[in-house]
Amino acid sequence: MDHIRLGDSGLYVSRLALGTIPFGSGGGMEEIAGLDDAAATRQLETALERGVNFVDTANIYNGGDSEKVLGRILGRHREEIVLTSKARTAVGDGPNDSGASRLHLTRAVEDSLRRLDTDHLDLLYLHQWDGQTPIRETIETMAQLIRAGKIRYWGVSNYSGWQLAKTVYEARMAGLPAPIAQQVYYTPEAREIEYEIIPAARDLGVATFGWSPLGEGLLNGKVRRGRPTPSDTRQGTGWPEPHVTDWDRAYDLIELFDEIAQELGWSIPQVVISWILGRPGVAGTVIAARRQEHLEQDLDAAELHLPQEARDRITRASQLPAYYPLWHRLMNGQDRPEPTEKEFFAEQREHVFGASDGASGDDD
C-alpha cells in the first residue's frame with residue numbers, strides 16, 4: 001500500500017481509506033449498513049494489515065452509530081490511524097442543527113469525539129458548503145478547534161471549484177489554517193470534477209480523495225442492462241444515489257469494465273479502482289464494503305496496475321463533453337497552457353478534435 005502526503009501538509013496517509021458507512025445501523029441507512037462490532041473489527045484489522053492508515057467516518061452515518069461502533073473497536077489501534085469525520089449536514093430539525101456555524105460545528109465535533117471515544121480527530125471534513133454562514137466564521141471555528149486540540153487538520157467535501165478557492169484564500173488572507181484535503185465523488189462514469197475541481201485543488205495544494213469509487217454500487221458488477229438488480233445490493237434497494245444522467249452510457253461503460261476484467265482476470269471493482277488511482281491529481285479514494293470478501297478485493301486493487309491500453313480504453317469511452325469555456329480554450333488558449341489541467345486537456349483534445357497532445361502546440 002502506497003502512502004501519500006496529504007496536500008501541502010506534513011501528514012501521510014494510505015491511498016485507500018477505509019470507509020465506515022457500513023458500520024452499525026440506523027438513521028435511515030439500513031439498506032447500506034448493518035455491520036456489527038465483530039464484523040467491523042475484522043474489516044479494520046484487515047485494512048490495517050494491508051497498510052491502510054486512513055479511516056473515514058461521518059457524524060450522519062447511520063444516525064451516528066457508525067462512529068459509535070468505530071469508537072468501541074478502535075482500542076489500541078487509535079494511534080496507528082489517521083481518523084477523519086465530517087460535520088455540517090443536518091443532525092436534527094432545529095435551526096442550528098446543521099451548517100458550518102461556530103455553534104453547530106463545535107457541538108458536532110464534541111458529539112463525534114464522544115461517540116468515537118477519542119479526544120481528537122486527525123482530520124475534520126466540512127460535509128457540504130454552507131451558503132448562509134460567513135466563510136470567515138467557519139474558518140475561525142476550524143482554527144479554534146485546532147488550537148483546542150480537538151482536530152489536527154481540516155478539509156472540505158462536495159465543494160465546487162470556486163467554493164474551494166474562496167475557502168483557501170480567505171483562510172490564507174486571515175493567516176489561519178486552510179483546508180488540506182477535499183473529498184469528492186469520482187468514478188469513470190462521473191468525471192465532472194475534472195472540469196474545475198481537481199485543477200483548483202492542484203493549484204491550491206489541496207489533496208483530492210474520491211468517495212464511493214464504485215458509484216454507490218452502480219459499478220460493482222451486479223448492475224447490468226436489462227437485468228433486475230439483486231435486492232441485497234445498494235442499487236437494488238432503491239438507494240437514490242448516484243445521479244446518472246445517461247443510463248445507456250453507464251451500461252456501456254459497465255460492459256467495457258466487464259470486458260477488461262475478464263481479459264485481466266480481475267473483478268470489475270478492481271478495474272475501476274485501479275483506473276481511479278492512476279488519474280491525474282487524485283491522491284486516493286475511500287472504499288467501503290459490507291462483505292469481507294469485497295473489502296479484500298478492493299484492497300487488492302491498490303497493488304494492481306491497470307495496463308495502459310486498458311486504461312486508455314476506459315478514459316476514451318468515459319470522456320465527458322468539452323463544455324464552454326473548455327472547448328474555446330482548447331481551440332484558442334493553448335499557447336500558454338495551465339499545468340494543473342494539462343492531462344485533462346490532452347484527453348479532451350483527442351476526444352473532441354482527434355488531436356494528440358503534440359498536435360496542440362502545448363509545450364511539456
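Residues of segment 1-23 with an amide N closer than 15 Å to a point placed 7 Å from the Cα of Leu48 along the Cα-to-Cβ direction: 18.
If I compute solvent accessible area with a 1.4 Å probe over the protein chains, what percent of it on segment 3-307 is carbon and sulfur? Accessible surface attributable to carbon and sulfur in segment 3-307 totals 47 percent. Projecting the Cα atoms of Pro240, Leu164, Val69 onto the charge dipole of segment 3-307, computed from C-beta unit charges around the Cα centre, puts Leu164 farthest toward the positive end. Computed from point charges on the beta carbon alone (+1 for Lys and Arg, -1 for Asp and Glu), the dipole magnitude for segment 3-307 about its Cα centre is near 740 Debye.
Dividing the summed helix terms, -39500 (n - 2.57) for each DSSP H run of n ≥ 4, by the number of residues in the chain produces a 222 nm estimate of -11500 deg cm²/dmol to the nearest 500. Computed with a 1.4 Å probe over protein heavy atoms only, the accessible surface of the chain comes to 43 Å² per residue. Our estimate of slack between Glu140 and Thr237, defined as 0.36 nm per intervening residue step minus the Cα-Cα distance, is 30.8 nm. Of all aspartates and glutamates in the structure, the ones whose alpha carbon falls short of 12 Å from that of Lys222, not counting any fewer than 8 places away in one chain, are Asp232, Glu255, Asp258.
May I ask you to derive the FRET efficiency for Arg224 and Asp8 from their Cβ-Cβ distance with R0 = 45 Å, giving the value to the nearest 0.05? Please list the in-between numbers first.
Working: r = 43 Å, r/R0 = 0.95.
That gives a FRET efficiency of 0.60.
Distance from the C-alpha centroid of segment 57-101 to that of segment 174-235: 20 Å, rounded to the whole angstrom. Which loop chymotrypsin sites (Phe, Trp or Tyr not before Pro) in segment 262-328, with loop taken from DSSP, have no more than 13 other Cβ atoms within 10 angstrom of their Cβ? Sites meeting the loop and neighbour criteria: Tyr323. A dipole drawn for the chain from +1 and -1 charges on Cβ atoms has a positive end, and of Leu124, Ser318, Ala261 the residue lying farthest that way is Leu124.
A full extension of the chain between His294 and Arg316 corresponds to an added length of 5.2 nm, given 0.36 nm per residue minus the alpha carbon distance. Annotation: lysines with alpha-carbon distance below 19 angstrom to Lys86 (same-chain offsets under eight excluded): Lys68, Lys150. With R₀ set to 45 Å, the beta-carbon distance separating Thr245 from Arg76 gives a calculated FRET efficiency near 0.45.
The values are calculated or read from the model by the stated rules, or taken from the named source; none is laboratory data. This is a predicted model, so every value here is computed, not measured. So basically every Cβ, Gly included, is an ideal-geometry build from the backbone, and we count neighbours across all protein chains shown. Note: areas computed on protein heavy atoms with side chains; ligands, DNA, RNA excluded. Shrake-Rupley method; radii C 1.70, N 1.55, O 1.52, S 1.80 Å.
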